[in-house]
Amino acid sequence: MVSFTTLFTALTAATTAVVASPLNAIKQARGIQPGTGTHNGYFYSFWTDGRGSVDFNNGPRGSYTSRWNNVNNWVGGKGWKPGPPKVVGYNGTWNNYNVNSYLALYGWTTNPLVEYYIVEAYGTYNPSSGTSKFRTLESDGGTYDVYRTRRVNQPSILGTSTFDQYWSVRQKKRVGGNITTKNHFDAWTASGLKLGNWDYMIMATEGYQSSGSSEIEIWEIK
């Protein structure tokens with residue numbers, strides 16, 4: 001015969017286990033914390049302004065997954081630091097055409113401080129809207145429009161700063177292919193858009209005032 005005390009203890013333990021398991025699962029699903037680091041030989045960066053929720057997880061090699069919900073702004077991905085000119089390949093899943101999101105090779109230089117994007121696909125908002133086009137560029141089977149914008153007193157890799165953003169926006173969107181970064185860097189320089197010392201370069205997903213998801217992998221083609 002099982003005593004009441006033994007039965008109560010068993011029921012309490014079972015209830016605790018049932019309650020704890022979903023909480024543990026939710027905790028695991030939240031992914032890594034915002035920041036930078038290395039994983040499987042690749043540099044990664046994950047930034048969010050803290051509004052809404054973002055689950056960002058590093059995968060094998062140069063891959064990562066992301067899922068975001070009701071964010072204001074976030075960006076993350078994997079690549080290299082430093083990120084000098086190279087030919088990169090990438091593929092994966094990014095189906096955010098109906099929300100405000102970008103899929104881009106994204107990076108920074110210092111001295112001067114520049115934030116740059118080679119945009120392969122974007123959702124409801126073209127990031128070059130409202131700016132003046134410098135030129136077009138033919139590269140890797142597509143046509144890109146080159147733009148510059150300026151950010152004043154905004155977050156950067158050096159803290160709150162004022163800096164230029166350089167953009168190459170692909171006219172025909174795609175998710176997967178090669179990117180010859182030197183073609184873009186040379187076109188920007190020829191247009192008077194000066195680059196500095198190479199900081200990081202990642203294949204990034206960015207979300208702005210939206211919800212969405214992505215699964216992306218990047219690698220270098222030598």
Order the peptides 180-193, 71-84 from the highest to the lowest mean number of other Cβ atoms within 10 Å of their residues.
-> 71-84, 180-193
With a ≥ b ≥ c from the Cα gyration tensor eigenvalues, square-rooted, and the rule rounded for a/c under 1.5, otherwise prolate when a/b > b/c and oblate otherwise, segment 77-173 is rounded
Based on the mean of other beta carbon atoms within 10 Å per residue, what is the order of 58-70, 134-146, most packed first?
-> 58-70, 134-146
Which shape class applies to segment 40-84: rounded if a/c is under 1.5, otherwise prolate when a/b exceeds b/c and oblate if not, where a ≥ b ≥ c are the square roots of the Cα gyration tensor eigenvalues?
-> oblate
Accessible solvent surface per residue of the chain, calculated while the other protein chains remain in place, 1.4 angstrom probe, Å² = 51 Å²
Under the definition of Cα pairs under 8 Å and six or more residues apart, what whole-number percent is the relative contact order of the chain?
-> 29 percent
Take the cross-link list Lys194/Lys222; Lys133/Lys173; Lys172/Lys194; Lys173/Lys222; Lys81/Lys173 and give me the ones stretching past 21 Å between alpha-carbons.
-> Lys194/Lys222; Lys172/Lys194; Lys173/Lys222; Lys81/Lys173
Can you pull the percent of segment 80-189's accessible area that's carbon plus sulfur, 1.4 Å probe, other chains left in place?
-> 43 percent
Kindly identify segment 160-222 as rounded, prolate or oblate by the Cα gyration tensor criterion: order the square roots of the eigenvalues as a ≥ b ≥ c, call it rounded if a/c is under 1.5, otherwise compare a/b with b/c, prolate if a/b is larger, else oblate.
-> oblate
Taking Cα atoms, how many degrees apart are the long axis of helix 181-190 and the longest axis of the chain, rounded to 10 and kept between 0 and 90?
-> 40 degrees
Towards the positive end of the charge dipole of segment 115-222, with charges on Cβ (+1 Lys, Arg; -1 Asp, Glu), say which of Gly159, Thr136, Tyr208 has the farthest Cα.
-> Thr136
Taking only C-alpha pairs under 8 Å that are 6+ residues apart, what is the relative contact order of segment 42-108 in percent?
-> 31 percent
The chain -> Rg/Rh from Cα coords, Kirkwood Rh, value 1.13
Reachable aspartates and glutamates from Lys182, Cα under 20 Å, same-chain residues fewer than 8 places away excluded?
-> Glu115, Glu120, Glu138, Asp140, Asp145, Asp164, Asp199, Glu220
Order these peptides, 116-123, 211-218, by their mean beta-carbon neighbour count within 10 angstrom, highest first.
-> 116-123, 211-218
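The values are calculated or read from the model by the stated rules, or taken from the named source; none is laboratory data. All figures in this text were calculated on a predicted structure; none of them were measured in a lab. Cβ sites come from the backbone with ideal geometry, for glycine too, and all protein chains shown count toward neighbours. Just the protein is used for accessible areas: all its heavy atoms, side chains included, with ligands, DNA and RNA removed. Shrake-Rupley method; radii C 1.70, N 1.55, O 1.52, S 1.80 Å.
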